[in-house]
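Here the structure is laid out as structure tokens; the discussion comes afterwards.
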Amino acid sequence: MTEPWTRRRFVFACTAWSLLLLYPVSGLAQDADPAVARIRAFYDALTRSGHGRFVIMSAKQAVMPTTDNAAYAAAKAAAEAWTLALADELAGTGATANILVVNAILTARMQAENPGKEYPSFTHADDLAAAIAFVLGDHAARMNGKRIRLHP
């Protein structure tokens with residue numbers, strides 16, 4: 001079922017370092033920083049819309065830290081924890097909060113600059129875009145508080 005263009009959809013996407021508020025999806029963008037401190041601020045807008053979506057892109061390191069990436073992993077884990085807490089609070093409102101997890105992102109430019117090079121643990125940018133589109137859509141309305149792995 002196609003939704004009417006007049007229906008407003010609140011969408012929030014963030015990383016551990018910055019937050020991008022999109023309202024509506026094709027509308028204005030406003031930067032807010034730091035992300036973790038801002039997540040709770042969107043509760044009212046998400047629930048008021050009845051079908052708000054909050055999505056962060058995280059990294060597998062959030063649950064698999066090493067000595068070399070502990071600070072990065074801690075920031076990602078904190079953003080994930082806040083997102084899962086928001087998901088808990090959104091339960092039953094029609095709004096959702098989910099996490100998309102990658103190792104690294106592969107772009108068409110990277111492939112063009114390195115023809116034949118293998119990127120076995122990378123998530124292609126097109127696959128990430130498709131996953132974002134899915135979790136923002138109505139088909140994923142019952143997915144709330146999920147950590148979705150997009151890497152091998």
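Summary of values
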item: Subset of region 55-88 (residues that are over 18 Å from VAL135 (Cβ atoms) and acidic (Asp, Glu)); result: ASP68
item: Residue match in region 79-93 (condition: over 30 Å from ARG48 (Cα atoms) and either out of contact with any Gly (no Cβ under 6 Å at 6 or more places or on another chain) or at pLDDT 95 or above (or both)); result: no
item: Top-ranked residue of region 45-69 - restricted to ones that are of a type in the set (A, V, I, L, M, F, W, C) and modelled with pLDDT under 90, ranked as surrounded by the fewest Cβ atoms within 10 Å (Cβ to Cβ); result: ALA45
item: Search result, residues across region 36-93 that are within 14 Å of the chain's Cα centre (by Cα) and not hydrophobic (A, V, I, L, M, F, W, C); result: GLY52, ARG53, SER58, LYS60, LYS76, GLU80, THR83
item: Counted residues, region 70-95 - those being under 20 Å from ASP138 (Cβ atoms) and surrounded by fewer than 18 Cβ atoms within 10 Å (Cβ to Cβ); result: 4
item: Tally of residues being in contact with a strand residue (DSSP E or B) (Cβ under 7 Å, 6 or more places away or on another chain), farther than 27 Å from GLY50 by Cβ and not small (Gly, Ala, Ser) across region 114-152; result: 7
item: Region 112-143 - residue that is β-branched (Val, Ile, Thr) and either assigned to a helix (DSSP H, G or I) or in contact (Cβ under 8 Å) with a residue 40 or more places away in the chain (or both) and, of those, nearest to LEU86 (Cα to Cα); result: VAL135
item: The one condition in (1) modelled with pLDDT under 80; (2) farther than 20 Å from ALA133 by Cβ; (3) among the hydroxyl-bearing types (Ser, Thr, Tyr) that SER26 fails to fulfil; result: (2)
item: Residue that is surrounded by the fewest Cβ atoms within 10 Å (Cβ to Cβ) [pool: residues in region 132-148 that are closer than 15 Å to SER58 by Cβ and at pLDDT below 95]; result: ILE132
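Rundown of residues vs (1) outside any loop (DSSP other than H, G, I, E, B); (2) acidic (Asp, Glu); (3) under 24 Å from PHE42 (Cβ atoms); (4) touching a residue at least 24 places away in the same chain (Cβ under 8 Å), yes/no style:
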site	(1), (2), (3), (4)
THR66	no, no, no, no
ALA71	yes, no, no, no
ALA81	yes, no, yes, no
GLY94	no, no, yes, yes
VAL101	yes, no, yes, yes
MET110	yes, no, no, no
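The values are calculated or read from the model by the stated rules, or taken from the named source; none is laboratory data. Bear in mind that the values here come from a model prediction, so they are computed numbers and not experimental data. Quick reminder, even Gly has a Cβ in these numbers, built from the backbone with ideal geometry, and neighbours come from all protein chains shown.
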